[in-house]
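**Student:** Got a structure here, written out as structure tokens. Questions coming.
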Ligand SMILES: Cc1cc2nc3c(=O)[nH]c(=O)nc-3n(C[C@H](O)[C@H](O)[C@H](O)COP(=O)(O)O)c2cc1C
């Protein structure tokens, strides 16, 4: 059982493999988190039922997703209440796996319009065969909170083809992953949000553009209007 007041880190694995390359690299980062005193919990998306976003915009009208007969809310609540998320995905066709993308689609509008991921600090982990992995690792870390860092590796070689990270001698990568895990926990303890142009830009959009859209269309956004007022982003109408 988690200790009270201990730092809670979630390992959100978007790979279908529970002990594959992505999970292995994530486990190295999470080991670093543990060394720094955090409590770890894994969410392997493969074990959950998450339906596709229907693009119905109900979340903007009601503040809630229209789909309520799957595991989405359960996972979302665990993510947004955690202190940190180590999110991982292999590169599949130049993007995240469908498992992770399906989850991301479901919270995208709520995140943009209500900023649900205000609390967690994140580390993005990605592995690929030959393709660049940095962009993916960065994107998945940024959508779920305050990015502290990313890590990734290419795991195929022309000579040996597909290789398992567990069989490769990657001492330097392992050390780097541990260090990143410790840095994640240290950042949470310091409670210092890293500067990011993207977060600045989203806040700017909220303050100047989305605010006006919501104000001019109160019926369309009736669900999230009270949240904006509660957060002090909008003044209540007199
Ligand atoms: C369906 C599928 C699509 C993939 N697409 C790419 C790709 O576009 N580029 C790439 O470099 N590797 C690609 N790969 C390779 C994986 O990204 C790579 O082997 C990764 O390390 C697997 O991680 P895992 O063990 O966690 O599943 C793909 C693998 C699969 C199964």
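**Student:** Starting from the stretch 19-35, take each residue that is more than 19 Å from residue 133 (Cβ to Cβ) and not assigned by TED's automatic domain parsing to the domain that holds residue 165 and list its partners that are more than 15 Å from the ligand (Cβ to nearest atom) and assigned to a helix (DSSP H, G or I), counting only C-beta distances under 8 angstrom and pairs at least six apart or across chains.
**Tutor:** Short answer, once both residue conditions are applied: none.
**Student:** Right, here's the next one. Looking at (1) farther than 26 Å from residue 168 by Cα; (2) buried (at least 19 other Cβ atoms within 10 Å of the Cβ); (3) touching a residue at least 60 places away in the same chain (Cβ under 8 Å), which is the one condition that is false for residue 65?
**Tutor:** (3)
**Student:** Also, quick follow-up: Kindly indicate whether any position in the stretch 192-200 is buried (at least 16 other Cβ atoms within 10 Å of the Cβ) and within 16 Å of the ligand (Cβ to nearest atom).
**Tutor:** Of the residues in the stretch 192-200, the ones buried (at least 16 other Cβ atoms within 10 Å of the Cβ) are 199.
Within this subset, residues satisfying the condition of being within 16 Å of the ligand (Cβ to nearest atom) are none.
No: zero hits.
**Student:** A further question on this structure: Part of a strand (DSSP E or B), within 13 Å of the ligand (Cβ to nearest atom), assigned by TED's automatic domain parsing to the domain that holds residue 127 and touching a residue at least 60 places away in the same chain (Cβ under 8 Å) - does that describe any residue in the stretch 40-47?
**Tutor:** Filtering the stretch 40-47 down to residues part of a strand (DSSP E or B) leaves 40-44.
If we keep only those that are within 13 Å of the ligand (Cβ to nearest atom) as well, we get 44.
When the remaining residues are screened for being assigned by TED's automatic domain parsing to the domain that holds residue 127, the result is 44.
Filter once more, so that each one left must be touching a residue at least 60 places away in the same chain (Cβ under 8 Å): none.
So far as the stretch 40-47 goes, no, none of its residues is part of a strand (DSSP E or B), within 13 Å of the ligand (Cβ to nearest atom), assigned by TED's automatic domain parsing to the domain that holds residue 127 and touching a residue at least 60 places away in the same chain (Cβ under 8 Å).
**Student:** Another question about this same structure. So which residues in the stretch 84-100 are touching a residue at least 60 places away in the same chain (Cβ under 8 Å) and either farther than 15 Å from residue 25 by Cα or more than 10 Å from the ligand (Cβ to nearest atom) (or both), if there are any at all?
**Tutor:** Of everything in the stretch 84-100, those that are touching a residue at least 60 places away in the same chain (Cβ under 8 Å) and either farther than 15 Å from residue 25 by Cα or more than 10 Å from the ligand (Cβ to nearest atom) (or both) turn out to be 84, 85, 86, 87, 96, 97, 99, 100.
**Student:** Scanning the stretch 119-128 for residues that are within 10 Å of the ligand (Cβ to nearest atom) and in contact (Cβ under 8 Å) with a residue 60 or more places away in the chain, which turns out surrounded by the most Cβ atoms within 10 Å (Cβ to Cβ)? Step through it out loud before you land on a result.
**Tutor:** Taking the stretch 119-128 first, the residues within 10 Å of the ligand (Cβ to nearest atom) are 125-128.
Then drop every residue that is not in contact (Cβ under 8 Å) with a residue 60 or more places away in the chain, which leaves 125-127.
Details: 125: 36, 126: 32, 127: 26.
It comes out as 125.
**Student:** Do you know which residues across the stretch 185-201 are touching a residue at least 40 places away in the same chain (Cβ under 8 Å) and either under 27 Å from residue 57 (Cβ atoms) or not in a helix (DSSP H, G or I) (or both)? Outline the logic, then answer.
**Tutor:** Narrowing the stretch 185-201 to residues touching a residue at least 40 places away in the same chain (Cβ under 8 Å): 185-189, 193-194, 196, 198-199.
193, 194, 196, 198, 199 - these are the residues of the stretch 185-201 that are touching a residue at least 40 places away in the same chain (Cβ under 8 Å) and either under 27 Å from residue 57 (Cβ atoms) or not in a helix (DSSP H, G or I) (or both).
Each row is one residue, and each column tells you yes or no for (1) buried (at least 16 other Cβ atoms within 10 Å of the Cβ); (2) touching a residue at least 12 places away in the same chain (Cβ under 8 Å); (3) not assigned by TED's automatic domain parsing to the domain that holds residue 46.
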position: 117; (1), (2), (3): yes, yes, no
position: 130; (1), (2), (3): no, yes, no
position: 161; (1), (2), (3): no, no, no
position: 166; (1), (2), (3): no, yes, no
position: 177; (1), (2), (3): yes, yes, no
position: 203; (1), (2), (3): no, no, yes
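The values are calculated or read from the model by the stated rules, or taken from the named source; none is laboratory data. All figures in this text were calculated on a predicted structure; none of them were measured in a lab. Here Cβ is always computed from backbone atoms with ideal geometry, including for glycine, and neighbour counts include all displayed protein chains.
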